[in-house]
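The values are calculated or read from the model by the stated rules, or taken from the named source; none is laboratory data. Worth saying up front: this structure is predicted, and the values here are computed from it rather than measured. Cβ atoms come from the backbone with ideal geometry, glycine included; neighbour counts cover every protein chain shown.
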Amino acid sequence: MPGGCSLLAADLRCLDAHAHELRALGEVLAHADAKTVEKALQASQTLTPIAECADAAGLRAPVRPPSDPVERARVEDLRGKIAEARAFDSAGKFADAVERGKKLVDEARAAHYRPLEATALSVLGQSQRDAGDLAGAQASLEASTTAAIAARDDVTAAEASAVLARVVGYDRAKGADGDPWLERANAFLEAHPDDRVRALLENNTGVVRFGQGRYDEAIEHQRVALAARERLYGKTSPLVAATLDNLGLDYDFRGDNVKGTDFHKQALAIDEAALGPDHPTVALTLTNLAVSLRSAGNLDEALAIAKRALAIKEAVYGPDNAMVGVSLNEIGNIYYFEAKYDDAVVVWLLDRPPKATSIAPPTRATTTRTATIATRTPGWRRAGSSSPPPSHPSVTVS
């Protein structure tokens, strides 16, 4: 009976933590501006699955909350605040999420409760990555993994390690340096399986392999991620669209633009139905589709798609944002392939450096799809090259 009572108490704490998370997201959305509303569906899908509250082994974790009522209340209050910080990040309010996250890490450390510290650092690290602070994100996520190990929290350690693999191996372009984090994440999930984090890990493994030019392996991992996300979220989820778009890029860079285009179009159909035709995530999918079509030689369709993506980005971000420059650059590339060299140069000259005040590009919540950013090679005209500048993969800062 004592064991049953203990498990019941843990179950109730788990349910209470989920209620905090849901309530926090509701508060953010209740006071949302137009851009935050656009991210509402994506934000809702970042909520931790409530099924974990039925995980008896996880609920019997060895590090228990403080027995002192005052300290226990303090821990529960911090849980709610951490949920709020995660909700701000999911809703695209990255600066607010980072600011809150830093304060909460200090408070969690002062509470001397490692599970809370690990979660706070994980939320901060993912928010820092989304805000573009990759060095800060790496430091926070490494600290989260350490705290999670001390707390014997394998799921949080696995999630932090999975994100670290991507930050180090892809976002920071350190290639194989991300592989040890992939191995650690797999080990943590071997000790404590979790479907949500497994899907994230498969996605991020695919992205790391994509960055290494190992496209066949990337495809294999993205297919596993796709099956998991379809099972977890349904086939019409934007998270599924993210994986489909990643698969499109894998096939594009492997040289199979027919398959690549098909995957991008599947992703586009889901995004448009779920988010609306003018959502910034739709513009990202359109940009990748335009690159795929251009690479396959379908220049008229590619130009129409690229121009549509440009219009959405200009409306959402204004003319001086980096994401607008991506689309201008791709339109120039298409003109070049059409032998409209003067038009290409005119468009390329419009692609000026973004102002310091430009806002961050859109996100894929905790999944973060791979985006294609086409960059020019300086001096190609002077060298008399017959090839336009190459397209290089990048990641949408979320």
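Worth pointing out:
- Failed condition for Gly297, given (1) assigned by TED's automatic domain parsing to the domain that holds Val326; (2) part of a helix (DSSP H, G or I): (2)
- Options Asp278, Asp300, Asp256; residue that is acidic (Asp, Glu), surrounded by fewer than 21 Cβ atoms within 10 Å (Cβ to Cβ) and more than 25 Å from Gly325 (Cβ to Cβ): Asp256
Per-residue answers, yes or no, for (1) at pLDDT 95 or above; (2) over 20 Å from Ala242 (Cβ atoms); (3) not in a helix (DSSP H, G or I):
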site	(1), (2), (3)
Ala274	no, no, no
Pro277	no, no, yes
Thr281	no, no, no
Ala304	yes, yes, no
Ala315	no, yes, no
Met323	no, no, no
Leu349	no, yes, no
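- First in segment 268-280 and without any contact (Cβ under 8 Å) to a residue 40 or more places away in the chain and closer than 11 Å to Lys235 by Cα, second anywhere and part of a helix (DSSP H, G or I) and hydrophobic (A, V, I, L, M, F, W, C), Cβ under 6 Å, 6 or more apart: Ile270/Ala241
- Taking first residues from segment 13-26 that are assigned by TED's automatic domain parsing to the domain that holds Cys53 and partners that are modelled with pLDDT of 70 or more and hydrophobic (A, V, I, L, M, F, W, C), the Cβ contacts under 7 Å between residues at least 6 apart in sequence or on separate chains come to Cys14/Cys53; Leu15/Cys53; His18/Cys53; His20/Ala83; Glu21/Ala83; Ala24/Ala83; Ala24/Ala87; Leu25/Ala87.
- Looking across Thr261, Thr287, one residue alone is in a helix (DSSP H, G or I), in contact (Cβ under 8 Å) with a residue 40 or more places away in the chain and out of contact with any strand residue (DSSP E or B) (no Cβ under 6 Å at 6 or more places or on another chain). It is Thr287.
- Helices (runs of 4 or more DSSP H) enclosed by segment 136-240 - at least 1 residues per element that are surrounded by fewer than 17 Cβ atoms within 10 Å (Cβ to Cβ) and free of Cβ contacts under 8 Å to residues at least 12 places away in the same chain: 179-191, 215-233
- Segment 94-122 residues that are without any contact (Cβ under 8 Å) to a residue 12 or more places away in the chain and within 16 Å of Val75 (Cβ to Cβ), paired with ones that are among the hydrophobic types (A, V, I, L, M, F, W, C) and surrounded by fewer than 17 Cβ atoms within 10 Å (Cβ to Cβ) (beta carbon under 9 Å, 6 or more apart): none
Residue-wise test of (1) closer than 20 Å to His18 by Cβ; (2) of a type in the set (Gly, Ala, Ser).
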site: Val75; (1), (2): yes, no
site: Lys81; (1), (2): yes, no
site: Ala95; (1), (2): no, yes
site: Gly101; (1), (2): yes, yes
site: Leu134; (1), (2): no, no
site: Ala139; (1), (2): no, yes
site: Glu159; (1), (2): yes, no
site: Asn186; (1), (2): no, no
